[in-house]
Amino acid sequence: MGKVEWCDGLSTGVAEIDNDHKKLLSLINQLSEAIDSQQTQQVIGDIFDQLEQYVMQHFVREEALLYRCHYEGVESHIKSHQGFSQKIPELKTLLLTNSSRQVAEEVTQF
């Protein structure tokens with residue numbers, strides 16, 4: 001699977017948020033590499049755990065920023081965060097119970 005690379009087009013203009021997004025991309029790339037190199041379920045599960053933990057930390061920071069800036073779409077954005085957060089454990093379970101290439105690609109694309 002291909003590596004996801006940061007580009008300036010992904011920048012929000014807020015260094016803290018951009019750094020969080022870069023860290024998230026790094027974790028996604030680690031997950032992809034672990035899948036490609038057929039690492040153990042323990043290694044893949046550990047990366048998922050790191051991803052889930054960092055996503056939660058990031059969402060707290062981002063949502064606080066959105067409130068401080070009086071962002072009009074904050075409630076909708078928070079709902080999208082909640083949907084994403086709920087999906088991570090489902091994807092982890094799916095991948096660890098079905099290690100097909102197609103499932104792996106779907107998980108990393110999400």
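The values are calculated or read from the model by the stated rules, or taken from the named source; none is laboratory data. Here the structure is a predicted model, which is why all the values come from computation and not from measurement. Glycine also receives a Cβ, built like all others from the backbone with ideal geometry; neighbour counts cover every protein chain displayed. We work out accessible area using only protein heavy atoms, side chains counted, and drop any ligands, DNA or RNA first. Shrake-Rupley method; radii C 1.70, N 1.55, O 1.52, S 1.80 Å.
Checked across region 61-81, the condition of being at pLDDT below 90 and of a type in the set (S, T, N, Q) holds for no residue. In summary, Gln42 fulfils each of the numbered conditions (1) open to solvent by less than 80 Å² (accessible area, probe 1.4 Å); (2) free of Cβ contacts under 8 Å to residues at least 12 places away in the same chain with the single exception of condition (1). Starting from residues that are surrounded by 15 or more Cβ atoms within 10 Å (Cβ to Cβ) and of a type in the set (A, V, I, L, M, F, W, C), keep the ones in region 79-93 and report whichever is nearest to Leu27 (Cα to Cα). So, considering only residues that are surrounded by 15 or more Cβ atoms within 10 Å (Cβ to Cβ) and of a type in the set (A, V, I, L, M, F, W, C), the one nearest to Leu27 (Cα to Cα) is Ile88.
Residues satisfying the criterion are absent from region 92-104 (criterion: modelled with pLDDT of 90 or more and not hydrophobic (A, V, I, L, M, F, W, C)). Of the residues Val4, Val14, Val55, the single one that is over 19 Å from Phe110 (Cβ atoms) and either free of Cβ contacts under 8 Å to residues at least 60 places away in the same chain or surrounded by 13 or more Cβ atoms within 10 Å (Cβ to Cβ) (or both) is Val14. Return the residues of region 66-89 that are in contact with a His (Cβ under 9 Å, 6 or more places away or on another chain) and of a type in the set (Ser, Thr, Tyr); say none if nothing qualifies. Result: Tyr71, single match.
In region 65-105, which residues are more than 23 Å from Gly45 (Cβ to Cβ) and not in a helix (DSSP H, G or I)? Cys69, His70, Tyr71, Glu72, Gly73, listed by residue number.
The rows are residues; the columns are (1) under 23 Å from His81 (Cβ atoms); (2) assigned to a loop (DSSP other than H, G, I, E, B); (3) of a type in the set (Ser, Thr, Tyr).
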position	(1), (2), (3)
Glu5	no, yes, no
Gly13	yes, yes, no
Ala34	no, no, no
Gln50	yes, no, no
Glu63	yes, no, no
